[in-house]
Amino acid sequence: MRIRATLGVVTGALALSVLAVPAAQADDSAGDTKISNVVVNGGKDVVGGATGKKTFTVSFTATDDSGIDWAQAILYHGADIESSDSGAVANSSDLRATCTEVNATTSTCKSSFTLESGANLINSVAGGWKVWALAAGVDADFVQKDNAKGFKVKRASKLTVNALPEPVKKGKTITVKGNLTRANWDTGRYAGYTSQSVKLQFKKKGTTTYKDVKSVRSGSAGALKTTVTASVDGYYRYNFAGTTTTPAVAAAGDLIDVQ
């Protein structure tokens, strides 16, 4: 077996403690062991706030004609696991996955991981992460995948809206303000997300669907501001589609009473 790696994470750095002879450059295998159906956080992006911890599960299917002896997953950021600059901490005492036998040849393996803002989450590691996975059969066959699954780790976002004046006469101008912010893992606070395209949307009172009105670009400190003409009662909101490092978010609608 080429490598079994465990990790410790300190201030965003990934340290690998090799428990077998390392020769890590690519996938490796011996025999008929297979890994499939890798799922991170239920298939959703992992989103971390400005402070605190985010705990989530990674699961995968492991098969071998002799049955599965043990398995392990490691989550990391970087081109490959040897040059990774951050990783997630596995919550099991021996860092192995918990494998539940489905039948004589197949097991479902799960691991719980924790990411902490300001520790293994720093701004520079937002975006694409990878799953390193290893499964070993009872007969000592094994498979190792350096990139068994890609997933996104994102900086949590917030969006506000305020439409004024309230009430307003029909045909008059409404000013719609707001702010787009996202978690800054380096400072432990939320900060403005500038130069982002955000949709202003409107939902007529008594209906259920928001429709796009116009696009607005966030300015200094993530500020949003535009004007529209009052026509009918309804709700205005800002809606941000998200980026590779920041999740989509929509503000709660602000009701305008048009008289």
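The values are calculated or read from the model by the stated rules, or taken from the named source; none is laboratory data. Here the structure is a predicted model, which means the values were calculated and not measured. For neighbour counting, all protein chains shown are included, and Cβ atoms are generated from backbone atoms with ideal geometry for every residue, glycine included. For accessibility, only protein heavy atoms count, side chains too; no ligands or nucleic acids. Shrake-Rupley method; radii C 1.70, N 1.55, O 1.52, S 1.80 Å.
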Counted residues, the range 192-218 - those being farther than 27 Å from residue 233 by Cβ and either acidic (Asp, Glu) or more than 25 Å from the chain's Cα centre (by Cα) (or both) = 0
Taking the range 76-116 and keeping residues outside any loop (DSSP other than H, G, I, E, B), in contact (Cβ under 8 Å) with a residue 60 or more places away in the chain and closer than 18 Å to residue 39 by Cα leaves 76, 77, 87, 89, 90, 114, 115
Being open to solvent by 70 Å² or more (accessible area, probe 1.4 Å) and without any contact (Cβ under 8 Å) to a residue 40 or more places away in the chain is the filter here, so list the residues in the range 215-234 that pass it.
-> 217, 220
Please find, among 238, 190, the residue that is assigned to a strand (DSSP E or B), within 21 Å of residue 47 (Cα to Cα) and open to solvent by 20 Å² or more (accessible area, probe 1.4 Å).
-> 190
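Specify which of the listed residues (119, 73) is assigned to a strand (DSSP E or B) and surrounded by 15 or more Cβ atoms within 10 Å (Cβ to Cβ).
Going through 119, 73 in turn, the sole match is 73.
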When the range 118-167 is examined, which residues are found to be polar (S, T, N, Q), in contact with a strand residue (DSSP E or B) (Cβ under 7 Å, 6 or more places away or on another chain) and within 22 Å of residue 80 (Cα to Cα)?
-> 120, 123, 144, 147
When residues of the range 122-138 are limited to those that are part of a strand (DSSP E or B) and open to solvent by 30 Å² or more (accessible area, probe 1.4 Å), the one farthest from residue 40 (Cα to Cα) | 128
Residue check, residue 159 at pLDDT 95 or above, farther than 30 Å from residue 68 by Cβ and hydrophobic (A, V, I, L, M, F, W, C) = yes
When the range 38-70 is examined, which residues are found to be open to solvent by less than 40 Å² (accessible area, probe 1.4 Å), closer than 12 Å to residue 151 by Cβ and either under 15 Å from the mean Cα position of the chain (by Cα) or without any contact (Cβ under 8 Å) to a residue 40 or more places away in the chain (or both)?
-> 40, 41, 46, 56, 58
